[in-house]
Amino acid sequence: MSPALDSRSVLVSVGGSVAAYKACAVVTELRRRGAEVRVAMTHAATRLVTPVLLRALSGHPVLADLWTPDAVEPGHGMGHLELGAWAHVNVVVAASADLIARLALGFGDDAVAATALASRAPLLVAPAMEGAMWEHPATQANVATLTARGATILGPVRGRLASGREDSGRMLEPDAIVAAVEQALGG
Ligand SMILES: Cc1cc2nc3c(=O)[nH]c(=O)nc-3n(C[C@H](O)[C@H](O)[C@H](O)COP(=O)(O)O)c2cc1C
């Protein structure tokens, strides 16, 4: 149990990077430390990890589609607004280059982007991608935009990537992401 996380509302937003499976460990560890956890997923994320699994691990329905907002019960059918207002912190795990671009531009085209847009909670972003994607000027400009807006970018680090290459762009390990959430909540 962690005093900083105890009964706090943590939104875990999952992007479509291959590291999406690590969101399962993040959710599990946040709950183990006492946080209330809810999950939003992009469509790409649901191709990599199932909402059913994250529902089981978080103990709550997952918002994976703006048009089937079963993350809030009973609600007004706009789960992204409910989740955005509920969250004390929003941590984006397995943030793809694409998702970072959409967050930087203020898109609201899926459950994760719309919920981030509809939230005043601090935003933590854990990118995960190939080194070339991470170092691309477009990605770096989008990261700079998010940072200037007050978001905290967690990593990434240099290490072994899913492709087998050793490069930049490896997502922080789940424990480090949980520690950053704890810190953001005053721990
Ligand atoms: C198997 C697979 C793994 C992928 N891994 C990554 C990744 O690690 N990082 C990344 O930025 N994009 C990755 N992509 C590409 C993204 O899934 C794609 O850009 C997608 O549109 C991102 O969606 P999102 O905005 O919902 O995250 C991967 C695609 C596939 C098919």
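For the reader, a short list of remarks on this structure follows.
- Filtering the range 164-179 to residues that are closer than 20 Å to V12 by Cβ, open to solvent by 40 Å² or more (accessible area, probe 1.4 Å) and part of a loop (DSSP other than H, G, I, E, B) leaves only E173.
- Index of the failed condition, S96 passing every other in (1) hydroxyl-bearing (S, T, Y); (2) under 23 Å from A180 (Cα atoms); (3) away from the ligand (no atom under 15 Å from the Cβ): (3)
- Helices (runs of 4 or more DSSP H) wholly inside the range 22-68 that include at least 3 residues being more than 13 Å from V91 (Cα to Cα), within 13 Å of the ligand (Cβ to nearest atom) and at pLDDT 95 or above: 43-48
- Number of the exception - G186 against (1) more than 18 Å from the chain's Cα centre (by Cα); (2) surrounded by 21 or more Cβ atoms within 10 Å (Cβ to Cβ); (3) on the phi > 0 side of the Ramachandran plot: (2)
- Test for G15: is it modelled with pLDDT of 95 or more and either open to solvent by less than 30 Å² (accessible area, probe 1.4 Å) or of a type in the set (A, V, I, L, M) (or both): yes
- Complete set of residues in the range 138-163 that are closer than 26 Å to L11 by Cα and of a type in the set (S, T, N, Q): T139, Q140, N142, T145, T147, T152
- Here M133, M129 are screened, and the one residue that is within 12 Å of the ligand (Cβ to nearest atom), in contact (Cβ under 8 Å) with a residue 12 or more places away in the chain and open to solvent by 30 Å² or more (accessible area, probe 1.4 Å) is M133.
The values are calculated or read from the model by the stated rules, or taken from the named source; none is laboratory data. Since we're looking at a predicted model, the values are computed, not measured. Counting neighbours? That spans all protein chains shown, and the Cβs are built from the backbone with ideal geometry, glycine included. When the accessible area is computed, the model is the full protein with side chains, heavy atoms only, and any ligands, DNA or RNA have been set aside. Shrake-Rupley method; radii C 1.70, N 1.55, O 1.52, S 1.80 Å.
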